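*Asks:* One structure coming up, written as structure tokens, with questions to follow.
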Amino acid sequence: MEYRESQKFNQWWLWLLNLVIFVALAITGFNAWSNGADLMASVVGPLSMALVMILLATIELRTVINEDGIEVKFWPFGRRRIFRSEIKNVRVRKYSPLREFGGWGYRIGPAGKAFNMQGNMGLQLEMKDGERLLIGTRQPDKLAAWLENWLQSADEDELADELRMLKLKTLRKNKLPG
């Protein structure tokens, strides 16, 4: 049993804005070069913007949840593995990326840390040590339904562990000496 979600920057307005900036820098650079400016100085702006566009095209937020815990990978910024035993509380909730975290991406704000790409729905984790982490999702209903089963299986696992411990204690208590 595993939940997987992958997100990329695919907002049309973001790509349009980047394209407009790239074209403006390319025209400015070409005009400067035509008027005798150094070629290197003329291409720095368009090349820098092209690198930003390549970076945006390759950034990916991947969330994988299985019986062991949650893994979030935010390429190229790193990854985080959280074991189920570290989690105190988990829920899907609506949030304000700008107000709570200052925007999108890997963020640290008053509400804790966040990995988010777009939208305003996320998986809120509260760790046993008090840390708070939000992972953005584009599939809140699917994730909420999946979490319900995941949490139920966690409760069943804890109950099974408690029963095993109780049986061991009973066996030790009733064990005849020597």
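*Asks:* Evaluate the distance, in nm, between pseudo-label points positioned 7 Å from the Cα of Ala41 and of Lys94 along their respective Cα→Cβ axes.
*Replies:* 5.2
*Asks:* Pick from Trp150, Trp104, Trp33: which is most flexible by mean-square fluctuation in a GNM of the chain where alpha carbon atoms under 10 Å apart are linked?
*Replies:* In this elastic network of the chain, the residue with the biggest mean-square fluctuation among Trp150, Trp104, Trp33 is Trp33.
*Asks:* Moving on. Taking springs between alpha-carbon atoms closer than 10 angstrom, which of Met40, Met127, Met53 fluctuates most in the Gaussian network model of the chain?
*Replies:* For the chain, modelled as a Gaussian network with Cα springs under 10 Å, the answer is Met40.
*Asks:* Loop sites only, by DSSP: take the GluC sites (Glu not before Pro) in the chain that have at most 11 other C-beta atoms within 10 Å and name the longest stretch containing none of them. Could the numbers behind the result be given before it?
*Replies:* Working: sites that count: Glu2, Glu67.
Counting at most 11 other Cβ atoms within 10 Å as exposed, the longest clean stretch of the chain is 68-178.
*Asks:* Which of Ile21, Ile65, Ile87 moves most in a GNM of the chain, Cα contacts under 10 Å?
*Replies:* Ile21
*Asks:* While we're here: Note the listed values (i) 62, 52, 45; (ii) 77, 29, 28; (iii) 99, 36, 30, then indicate which one is Cα extents along the principal axes in Å calculated from this particular structure.
*Replies:* Derived directly from the coordinates: (iii).
*Asks:* Here's something else I'd like to know. Applying the Karplus parametrisation 6.51 cos²θ - 1.76 cosθ + 1.60 with θ = phi - 60° to the phi angles of region 13-24, what ³J(HN,Hα) value in whole Hz is obtained for each residue in order, glycine and proline being reported as x?
*Replies:* For region 13-24, the Karplus-derived couplings read 5, 5, 5, 5, 4, 4, 5, 4, 5, 4, 5, 4 Hz, x marking Gly and Pro.
*Asks:* While we're on this one: From the backbone phi of region 101-106, what are the Karplus-calculated ³J(HN,Hα) couplings (6.51 cos²θ - 1.76 cosθ + 1.60, θ = phi - 60°) in whole Hz, Gly and Pro given as x?
*Replies:* Listing the rounded values in order: 10, x, x, 10, x, 8 Hz.
*Asks:* What nm distance separates the two modelled labels at Leu151 and Asn31, each placed 7 Å from Cα along Cα→Cβ?
*Replies:* Result for the modelled spin labels: 5.8 nm.
Rule-based calculations on the coordinates, nothing more; no lab input. Values in this document were obtained by computation on a predicted structure and should not be read as measured data. Cβ atoms come from the backbone with ideal geometry, glycine included; neighbour counts cover every protein chain shown.
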